[in-house]
1. Would you please state which residues of the range 236-250 a label at residue 275 would reach in this model, taking the label point 7 Å out along Cα→Cβ and a backbone N cut-off of under 20 Å?
2. How long is the gain from residue 348 to residue 259 if the chain were fully straight, where each residue apart is worth 0.36 nm and the alpha carbon distance is subtracted?
3. Within the range 289-310, whose backbone N sits under 12 Å from a point 7 Å along Cα→Cβ of residue 355?
4. Counting only other residues whose beta carbon sits under 12 Å from that of residue 287, what net charge do I get with K and R as +1, D and E as -1?
5. How big is the equivalent ellipsoid of the range 226-315 along its three axes, where each semi-axis is √(5λ) from the Cα gyration tensor, reported in whole Å from largest to smallest?
6. Pop out the carbon and sulfur fraction of the accessible area of the range 284-370 as a percent, whole number, probe 1.4 Å.
7. Excluding residue 352 itself, what net charge comes from residues whose Cβ is under 13 Å from its Cβ, given Lys and Arg +1 and Asp and Glu -1?
8. On a full-extension model of 0.36 nm per residue, what is the gain between residue 365 and residue 27, subtracting their alpha-carbon distance, rounded to one decimal in nm?
Amino acid sequence: MDQQKAGRFLKELRHEKQMTQEQLAQVFHVSSRTISRWENGTNLPDISLLVEIADFYDVDVREIIEGERKSEMMDKEVREVATKMADYASEEKSKLLKGIQIVSFIGVLILLVSILLQTAKQTSINYGVLIATLLALVIMAIITLYVTGVLEKIIKNKKLVRGIGIATIAGLVAAFWRVFVTTTLVGVLVVSSTFSPIEEYDDISRYQEFMNFSNGAYEEGVDTQWTKWGMDETIWPKEITDDMNVVDFKMVYYNPWDAQYLGYLVVDYAADDYAEEVKRLKAYKSTEYIGYYCVEEEKTYELLAVNADSYQGFIYALTDGKGRIIYGEQIFCNYYMDLQYEKYIPKEYLLDGFNATTETDYYKQMAGNQ
């Protein structure tokens, strides 16, 4: 059998009818692509359609198969045989489709139950699994609609197709609004983090500006809530005087989304000034600090004063006991620092054990309780 020849014959018959592929597709309830395949010889019509096509074109079934007209028409007996074969093929196809329909309906129900079970626990949704399940549901639903013949009717109704598209988009937005919002926020944070500069200063002449003491932090009775997340910086010196030997100083500011501050000041005091400063610092009402951000009891240096907060970080003063005092601060929020702090402050200037990364048990516990 020459499929190419049969296809050309079908194309010739259609041209004789002066019909387009789209018009003919509507007659036989198939797609225009199917008509194209018939005429290109890629596929041939199902046997169940051959008699119908022959009647439509007023030709012999045998002529379609052989791809050319015959001088004699197929007799009634041959036509009856072809009709019975078409009926048999339709019955077998119907049985097969019925089994597929049952399996498809069961698959759709199973996937719906799976989605309901996954979304029932609002606090522990695996979005990857949920999306995969939804995709599987869509595929299974399309198969079900196809084998039941409903899909073909839907496709022909353009208004219905448009309505289904709009409803689908709306449903996806409603179902995944949290994923969308989260993804958008993460994107904003990533962009913000990428383009936000890390400001690093070591000019001790700007000390007052960096410490924000101009708002009255050192004045009795003044509310200090607007100074660096409300942390009390009065542990640090009120001012830098000419008789103070500043050995090292740095201030770092970073604001990818929420402001973060890191700084240290190292001063070697004369004996009398050292004794006076130690007295002032020990009189400060220090707070609890052990356990916050994995900090342990200070052993590297003697801790003179500390203002610690389980959320905002630390301000403190350390001494080597020989006239040197180290003032330090790490002020941030959300239980971790975006800033890679160890690049900007010597480790020995940090409180022992300090760890403000997201890898710690402290972060996982505290952030999980929010």
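1. 243-245
2. 29.6 nm
3. What the label zone holds, given the 12 Å backbone N cut-off, is 293-296.
4. That sum, taken over residues with Cβ under 12 Å, equals -2.
5. Its equivalent ellipsoid spans semi-axes of 24, 18, 12 Å.
6. The computed percentage sits at 41.
7. -3
8. Result for the pair: 114.9 nm of gain on full extension.
The values are calculated or read from the model by the stated rules, or taken from the named source; none is laboratory data. Note that this is a predicted model, so its numbers are computed, not measured. Quick reminder, even Gly has a Cβ in these numbers, built from the backbone with ideal geometry, and neighbours come from all protein chains shown. Areas reflect the complete protein model, heavy atoms only, side chains present, ligands, DNA and RNA absent. Shrake-Rupley method; radii C 1.70, N 1.55, O 1.52, S 1.80 Å.
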